[in-house]
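A short worksheet on the structure shown next.
The values are calculated or read from the model by the stated rules, or taken from the named source; none is laboratory data. Just so it is clear, the structure is predicted and the values come from calculations on it, not from any experiment. Positions of Cβ are backbone-derived with ideal geometry, glycine not excepted, and every protein chain shown enters the neighbour counts. Keep in mind that these areas ignore ligands, DNA and RNA; they rest on the heavy atoms of the full protein, side chains included. Shrake-Rupley method; radii C 1.70, N 1.55, O 1.52, S 1.80 Å.
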Amino acid sequence: MADLGEKCGVFGVYGKGLDAGRLTFFGLYALQHRGQESSGIASSDGENIYCHRKMGLVAQVFAEKDIAKLQGHMAIGHNRYSTSKSSNIKHAQPALIEDVGLTLVHNGNLPSTTLLEGFLASKNVVYKTLSDSEMIAEAVAVYMREGLHLENAIQKVYPLITGAFSILMMDKHSVVAIRDNYGIRPLSVASLNGGFVFSSETCALHPIGAEGLRDVRPGEMVVVNESGMRSVQLAMGTQKLDIFEFVYFSRPDSILLGKSVYTIRKNFGIELAKEYPLDVDVVIPVPETAVPVAIGYASALKVPMETGLIKNRYIHRTFIQPEQHIREQGVKLKLTPLPDIINGKRVAVVDDSIVRGTTSRQIVAMLFEAGAKEVHFMVSSPPVRFPDFYGIDTPNQKDLIGAQKTVEETCEFLGATSLNYLSYNGLIHATGLPEESFCTACFTGEYPIDIKERMKEIQVLPTQKLF
Ligand code: AMP
């Protein structure tokens, strides 16, 4: 169970007089892009814990009557990322341990749960069917049953959590945030009317009127309760944010490591223009993530940028019925080309990444069908050659086209006129931050957190030429 990929969003509120459940609902709404499989909120008024979680989008999961039940001045919530292999209400969060009144939400993934399993086994807790997140909650609950306060219990369990995590836990008194030693997944803390807010991304702060304070630091525990906010450094922290947050995950209006995601994506485009100053007639982004990249690329080359691919932003896999004809439509369900913009043109189409290559291939075909004379595929990151074990749902290495084919072979597979990946050095340079600030495992295979037994899934292929 420990291999469930979870690119999720977490959000939490503590504040006397605040309608924490409702605020968390709006927070999750702003974090919908981080997970669409299931959503859930637990709240507390200091006496009871209320919890509502279901499969589906935030808007589908919470009716007004559900939000009204989430009473109290404290709440934590979660959007879970959709993965076909584990599409199951059982894994919807918050995880809830009723006897000790503990709830937990987790963004990240533990590549190895051996230490947690050993601990739980030693305490006679059955862990076989538990996800990594549930194991953490069970381990904390063990110490709470022995009489420890939530924060002391977390402190004891922290060394057993071997992997990537940005976690919020709540009992009837406190909301507690912890982040792994490398801060792989983002998490920030904000203030609101004398209370506090935690969010995976800062984009969820503005909608509820919260004011960003700072990131929760790698290795840090932040406790908020009626005494205010308290910080305990649980382990030596070294910042290594997953660079894929800048490339793909995060919303452009979020700030990560003090940098605007929008601006960095635009810089990716400017770097791409330095590396590939192509002679094209029009630049077209694959919406949405690549829009700022295309703006940067087009403005640097002084070529017009057009929205030549229109995205139906309401289509979502939750709505897609597994009907054969519909499935064959593939990306056409989501994207429609505008022949007026494309016909007879030399097109530079810009996307943020290529993972399997299947979507990109369909996009190239679609552009040619709409009359493009040339299709140059621009990617604002290097080839993804290594799987992720820290909470992104990237496939096995055998399914990563960057690990299996050379750039020339990939270009041929896509059917593109040319394929142009941003170089690794260009990617780092565009962030304006030192390389050491990032986890770059998807591109380099350097895993800052030991992936232990999962290492056997990695192969360094002879065709690989990293940079
Ligand atoms: P493909 O050509 O099938 O590899 O798809 C590439 C597209 O997948 C790009 O548009 C990316 O924005 C998107 N993408 C990258 N990483 C992920 C991910 N972890 N989950 C879902 N989509 C992703």
### the range 230-260, residues that are open to solvent by less than 20 Å² (accessible area, probe 1.4 Å) and within 14 Å of the ligand (Cβ to nearest atom)
Asp242, Ile243, Phe244, Glu245, Phe246, Val247, Phe249, Ser250
### Selected residue [open to solvent by 20 Å² or more (accessible area, probe 1.4 Å) and touching a residue at least 24 places away in the same chain (Cβ under 8 Å)] from Gly357, Gly371, Gly402
Gly371
#### Entry: Filter result (open to solvent by less than 50 Å² (accessible area, probe 1.4 Å), under 24 Å from Pro287 (Cβ atoms), out of contact with any Leu (no Cβ under 8 Å at 6 or more places or on another chain) and more than 10 Å from the ligand (Cβ to nearest atom)) within the range 405-422
Gly415, Ala416, Leu419, Tyr421
### Query
Which number in (1) out of contact with any helix residue (DSSP H, G or I) (no Cβ under 7 Å at 6 or more places or on another chain); (2) within 15 Å of Cys8 (Cβ to Cβ); (3) not in a helix (DSSP H, G or I) marks the one condition that Leu104 misses?
(1)
### Query
Restricting the range 281-312 to residues that are in a loop (DSSP other than H, G, I, E, B) and open to solvent by less than 10 Å² (accessible area, probe 1.4 Å), which is farthest from the ligand (Cβ to nearest atom)?
Gly308
### Summary
Note on the range 110-145: residues outside any helix (DSSP H, G or I), within 19 Å of Lys90 (Cα to Cα), touching a residue at least 40 places away in the same chain (Cβ under 8 Å) and in contact with a Ser or Thr (Cβ under 9 Å, 6 or more places away or on another chain) are Leu110, Thr113, Leu130, Ser131
### Message
Looking only at residues that are of a type in the set (A, V, I, L, M, F, W, C) and within 17 Å of Val176 (Cα to Cα) in the range 193-217, which one is surrounded by the most Cβ atoms within 10 Å (Cβ to Cβ)?
### Response
Val197
### Query
Hey, any hits in the range 376-389 for a residue that's away from the ligand (no atom under 15 Å from the Cβ) and either open to solvent by 40 Å² or more (accessible area, probe 1.4 Å) or touching a strand residue (DSSP E or B) at 6+ places or on another chain (Cβ under 7 Å) (or both)?
yes
### Summary
Within the range 343-356, the residues that are more than 24 Å from Phe443 (Cα to Cα) and in a loop (DSSP other than H, G, I, E, B) are Asn343, Gly344, Lys345
### Task
State all residues of the range 189-214 that are within 23 Å of Gly163 (Cα to Cα) and in contact with a Lys or Arg (Cβ under 7 Å, 6 or more places away or on another chain); if no residue qualifies, say none.
Val189, Ser200, Glu201
